1. Restricting to region 159-201, name every residue that is assigned to a loop (DSSP other than H, G, I, E, B) and of a type in the set (Lys, Arg).
2. Could you pull out the residue among Tyr111, Tyr199 that is of a type in the set (Phe, Trp, Tyr) and within 18 Å of the chain's Cα centre (by Cα)?
3. Which numbered condition in (1) among the polar types (S, T, N, Q); (2) at pLDDT below 95; (3) part of a helix (DSSP H, G or I) is the only one that Ser82 fails?
4. Could you grab me the full set of residues in region 91-126 that are of a type outside the set (Gly, Ala, Ser), over 24 Å from Thr163 (Cα atoms) and not in a helix (DSSP H, G or I)?
5. Would you point out the residue of region 68-107, among those that are of a type in the set (A, V, I, L, M, F, W, C) and open to solvent by 30 Å² or more (accessible area, probe 1.4 Å), that is nearest to Leu31 (Cα to Cα)?
6. Let me confirm something: among Gln110, Gln30, Gln41, Gln52, which residue is in contact (Cβ under 8 Å) with a residue 60 or more places away in the chain and of a type in the set (S, T, N, Q)?
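The values are calculated or read from the model by the stated rules, or taken from the named source; none is laboratory data. Note that the structure is a prediction, hence the values are computed from the model and not measured. As a convention, Cβ positions derive from the backbone with ideal geometry for all residues, glycine included, and neighbour counts pool all protein chains shown. Side chains included, ligands, DNA and RNA excluded: accessible areas come from the protein's heavy atoms. Shrake-Rupley method; radii C 1.70, N 1.55, O 1.52, S 1.80 Å.
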Amino acid sequence: HLVLRASLVPGGLSDALSSDQSGWSPLVRQLDLHHIESLIQDVLTRGGATSQRKQIADALDAIRKHFAACSDATPLAEHLKSLVERHVIKEKGEMTIVIFSRRDTEIAQQYLARSLGEKWVAAQPRVRLLSLTDAATGLPNRENGHRLIIVGLNPRILRFLVTRKDIPLHTNLLVPSHQAARMLPQIQFLSSVDVLKPYRGRLVELRSHL
């Protein structure tokens with residue numbers, strides 16, 4: 001769970017942890033590798049998991065390296081930044097980015113400001129960062145050059161994607177591979193259910209994209 005949660009951070013892990021100063025404290029615990037290590041060490045000290053010690057040590061070492069690599073930016077954040085650079089900064093277009101929670105929109109805002117500097121100051125008026133709750137109240141009109149980006153995929157985002165008429169079929173999705181793998185069987189099943197036939201086109205398109 002620790003690694004999967006980290007992969008969904010739309011910035012660096014440093015941004016995620018520093019953003020908790022504004023009141024989003026639970027994320028500190030969700031990304032607290034030291035706490036996980038102490039729990040594991042307690043089990044090992046008491047003689048547990050004897051036959052798995054090497055596998056545990058290797059796994060913890062891999063997680064430490066992964067966290068170090070994601071300190072400045074997760075792969076998802078780097079992809080998001082590249083889309084902003086291409087479509088907003090270079091092509092002078094507009095973009096709406098929908099991320100699941102308001103906390104994660106704050107993290108994305110902090111990351112883009114930190115990593116793009118003065119370019120972000122110029123581009124920011126053409127970028128809207130919305131939580132899923134805020135996006136549910138209405139999306140801006142998509143004119144030529146306006147991109148819609150959806151970050152992450154879970155049952156609530158799936159329902160949003162499939163049922164909203166103001167979301168085009170070719171909306172950009174940024175989805176970590178583990179989320180895509182977890183949601184794909186559900187989408188395959190839903191696309192075969194007769195009562196959901198009105199939404200089948202969108203479900204099939206989403207399944208193909210994943």
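1. Keep residues of region 159-201 that are assigned to a loop (DSSP other than H, G, I, E, B), which gives 164-171, 175-176, 191-193.
Once the filter is applied, which keeps residues that are assigned to a loop (DSSP other than H, G, I, E, B) and of a type in the set (Lys, Arg), region 159-201 yields Arg164, Lys165.
2. Numbers: Tyr199 fails: within 18 Å of the chain's Cα centre (by Cα).
Only one candidate passes the filter, namely Tyr111.
3. (2)
4. Kept after step one, since they are of a type outside the set (Gly, Ala, Ser), are these residues of region 91-126: 91-92, 94-100, 102-107, 109-112, 114, 116, 118-121, 124-126.
After this cut, where a residue has to be over 24 Å from Thr163 (Cα atoms) as well, the list is 91-92, 103, 106-107, 109-112, 114, 116, 118-121, 124-126.
Of everything in region 91-126, those that are of a type outside the set (Gly, Ala, Ser), over 24 Å from Thr163 (Cα atoms) and not in a helix (DSSP H, G or I) turn out to be Glu91, Lys92.
5. We begin by selecting, within region 68-107, every residue of a type in the set (A, V, I, L, M, F, W, C); these are 68-70, 73, 76-77, 80, 83-84, 88-89, 95, 97-100, 107.
If we keep only those that are open to solvent by 30 Å² or more (accessible area, probe 1.4 Å) as well, we get 68-69, 89, 100.
Values: Ala68: 12, Ala69: 14, Ile89: 32, Phe100: 18 Å.
Among residues in region 68-107 that are of a type in the set (A, V, I, L, M, F, W, C) and open to solvent by 30 Å² or more (accessible area, probe 1.4 Å), the one nearest to Leu31 (Cα to Cα) is Ala68.
6. Values: Gln30 fails: in contact (Cβ under 8 Å) with a residue 60 or more places away in the chain; Gln41 fails: in contact (Cβ under 8 Å) with a residue 60 or more places away in the chain; Gln52 fails: in contact (Cβ under 8 Å) with a residue 60 or more places away in the chain.
The match here is Gln110.
Table: residues versus (1) modelled with pLDDT of 85 or more; (2) under 19 Å from the mean Cα position of the chain (by Cα); (3) open to solvent by 20 Å² or more (accessible area, probe 1.4 Å).
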residue	(1), (2), (3)
Ser7	yes, yes, yes
Gly11	yes, yes, no
Trp24	no, yes, yes
Gln30	no, yes, yes
Ser38	yes, no, yes
Asp42	yes, no, yes
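Yes or no, residue by residue, for (1) without any contact (Cβ under 8 Å) to a residue 60 or more places away in the chain; (2) open to solvent by less than 50 Å² (accessible area, probe 1.4 Å); (3) not polar (S, T, N, Q):
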residue	(1), (2), (3)
Val151	no, yes, yes
Ile157	yes, yes, yes
Pro176	no, yes, yes
Gln188	yes, no, no
Arg200	yes, no, yes
Val204	yes, no, yes
